[in-house]
1. So in segment 116-146, with the set limited to residues that are among the aliphatic types (A, V, I, L, M) and open to solvent by 10 Å² or more (accessible area, probe 1.4 Å), which one is nearest to Leu23 (Cα to Cα)?
2. Are any residues in segment 92-147 touching a helix residue (DSSP H, G or I) at 6+ places or on another chain (Cβ under 9 Å) and assigned to a loop (DSSP other than H, G, I, E, B), and if so, which ones?
3. Could you tell me whether any residue of segment 1-9 is at pLDDT 95 or above, among the charged types (D, E, K, R) and not in a strand (DSSP E or B)?
4. Go through segment 218-257 and report how many residues are within 11 Å of the chain's Cα centre (by Cα) and within 18 Å of Ile116 (Cβ to Cβ).
5. Are there any pairs, at least 6 apart or on different chains, whose C-beta atoms fall under 8 Å, with the first in segment 118-131 and within 14 Å of Arg93 (Cβ to Cβ) and the second acidic (Asp, Glu) and open to solvent by 10 Å² or more (accessible area, probe 1.4 Å), and if so, which?
6. Please determine, by comparing only the residues of segment 147-168 that are among the hydroxyl-bearing types (Ser, Thr, Tyr) and over 21 Å from Asn99 (Cβ atoms), which one is least open to solvent (accessible area, probe 1.4 Å).
7. In segment 11-28, how many are touching a residue at least 12 places away in the same chain (Cβ under 8 Å) and open to solvent by 50 Å² or more (accessible area, probe 1.4 Å)?
8. Evaluate segment 243-256: report whether one residue or more is more than 28 Å from Trp30 (Cβ to Cβ) and either modelled with pLDDT under 95 or among the acidic types (Asp, Glu) (or both).
Amino acid sequence: MAIPVIDLAELHGDKRSKTMTSLHEACEKWGFFQVDNHGVDKKLMEKVKEMVNGYYDENLKEKFYESEMTKSLNKNEKISDMDWESTFLIWHRPNSNINQIPNITKQLCETMEEYIAQLIKLAETLSELICENLGLDHNHIKQTFCGTKGPSIGTKVAIYPQCPNPDLVRGLREHTDAGGIILLLQDDQVPGLEFLKDGQWFRIPPSKNNTIFVNTGDQIEVISNGKYKSVLHRVMAEKRGNRLSIATFYNPGNDAVISPAPELLYPGNYQFGDYLKLYSTTKFLEKGPRFESMKTTMVNGHHG
């Protein structure tokens with residue numbers, strides 16, 4: 001099986017319908033996919049990776065290998081309550097904390113801000129395409145995520161350091177992502193990321209040519225009323241070298257109110273007799289409009 005690849009350049013032309021179908025199937029059957037021709041400057045992406053790796057080497061590496069976890073691993077002790085990762089979190093919107101990160105350079109701050117501005121545009125484009133495939137207004141996710149201060153945009157920067165005993169620890173334990181749309185700029189050499197697909201762990205290869213790996217989080221599952229499910233994933237520790245992961249989250253604002261889109265809900269709380277009345281005149285028509293009519297009836301209070 002090959003990971004779905006969504007080529008955004010094909011949205012403009014006679015391949016649009018096929019591309020939208022591919023995106024729908026990726027969201028519904030996989031929960032993750034790669035995006036090519038995404039509009040994010042690839043030289044900028046390389047610069048971000050280079051500078052983050054430099055920051056790790058200068059500020060985090062020595063401390064990580066002196067940690068109690070590393071000492072436990074060197075004693076061949078299995079570790080089940082910690083992750084083999086060196087990480088820090090940057091918040092971008094609605095408020096930024098990037099200048100508060102110890103020893104971060106002005107150049108890295110400026111480079112990351114330029115990258116995030118482009119990535120937000122991509123996240124919003126994907127949110128619109130997802131809405132279109134769900135039959136929602138194309139701004140539905142953006143408006144839902146806004147809250148009073150706009151969406152929450154953050155980046156988890158992680159290095160999964162070379163591990164001497166990868167069988168004794170996970171790089172990152174199994175989980176789904178809490179938020180909305182996750183856009184991952186990952187290592188182009190070292191593997192480790194795995195997603196659960198049809199009951200089997202599916203290895204995600206390193207990203208080549210700076211494609212962006214995307215997965216959907218718990219809030220997209222809720223908004224889609226379970227149609228687009230968030231998927232368990234994990235990171236395996238690796239002997240072959242450090243793995244870089246720069247995961248940006250396009251999430252709802254903290255005070256955003258999340259619920260399934262009303263258009264995707266079945267009708268409810270009606271009397272069966274009312275349904276039969278409608279059914280008697282629409283039996284040989286599509287059932288979808290019948291369900292929508294029942295929803296309208298209940299909203300308007302026409303019961304019985």
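1. First, pick out the residues of segment 116-146 that are among the aliphatic types (A, V, I, L, M): 116-117, 119-120, 122-123, 126, 129-130, 134, 136, 141.
From what's left, open to solvent by 10 Å² or more (accessible area, probe 1.4 Å): 117, 120, 129, 134, 136.
Details: Ala117: 23, Ile120: 19, Leu129: 8, Leu134: 11, Leu136: 15 Å.
Ranking the candidates gives Leu129 first.
2. Ser96, Ile101, Pro102, Asn103, Ile104, Thr105, Gly135, Leu136, Asp137, His138, Asn139
3. no
4. So the count comes out to 5.
5. Pairs found: Gln118/Asp41.
6. Within segment 147-168, the first condition is being among the hydroxyl-bearing types (Ser, Thr, Tyr), and the residues that meet it are 148, 152, 155, 160.
Then drop every residue that is not over 21 Å from Asn99 (Cβ atoms), which leaves 148, 160.
Numbers: Thr148: 113, Tyr160: 14 Å².
Step by step, filter segment 147-168, then rank; the result is Tyr160.
7. So in segment 11-28, the residues touching a residue at least 12 places away in the same chain (Cβ under 8 Å) come out as 11, 19-20, 22-28.
Add one more test, that the residue is open to solvent by 50 Å² or more (accessible area, probe 1.4 Å), and what stays is 25, 28.
Looking only at that region, the number is 2.
8. The first filter runs over segment 243-256 and keeps only residues more than 28 Å from Trp30 (Cβ to Cβ), leaving 254-255.
From the residues that got through so far, the ones that are either modelled with pLDDT under 95 or among the acidic types (Asp, Glu) (or both) too are 254-255.
Yes, because at least one residue in segment 243-256 is more than 28 Å from Trp30 (Cβ to Cβ) and either modelled with pLDDT under 95 or among the acidic types (Asp, Glu) (or both).
The values are calculated or read from the model by the stated rules, or taken from the named source; none is laboratory data. Just so we're clear, the structure is a prediction, and the values are computed from it rather than from any experiment. In this analysis, Cβ positions are derived from the backbone assuming ideal geometry, glycine residues included, and neighbour counts consider all displayed protein chains. Please note that ligands, DNA and RNA were not included when accessible areas were found on the heavy atoms of the full protein model with its side chains. Shrake-Rupley method; radii C 1.70, N 1.55, O 1.52, S 1.80 Å.
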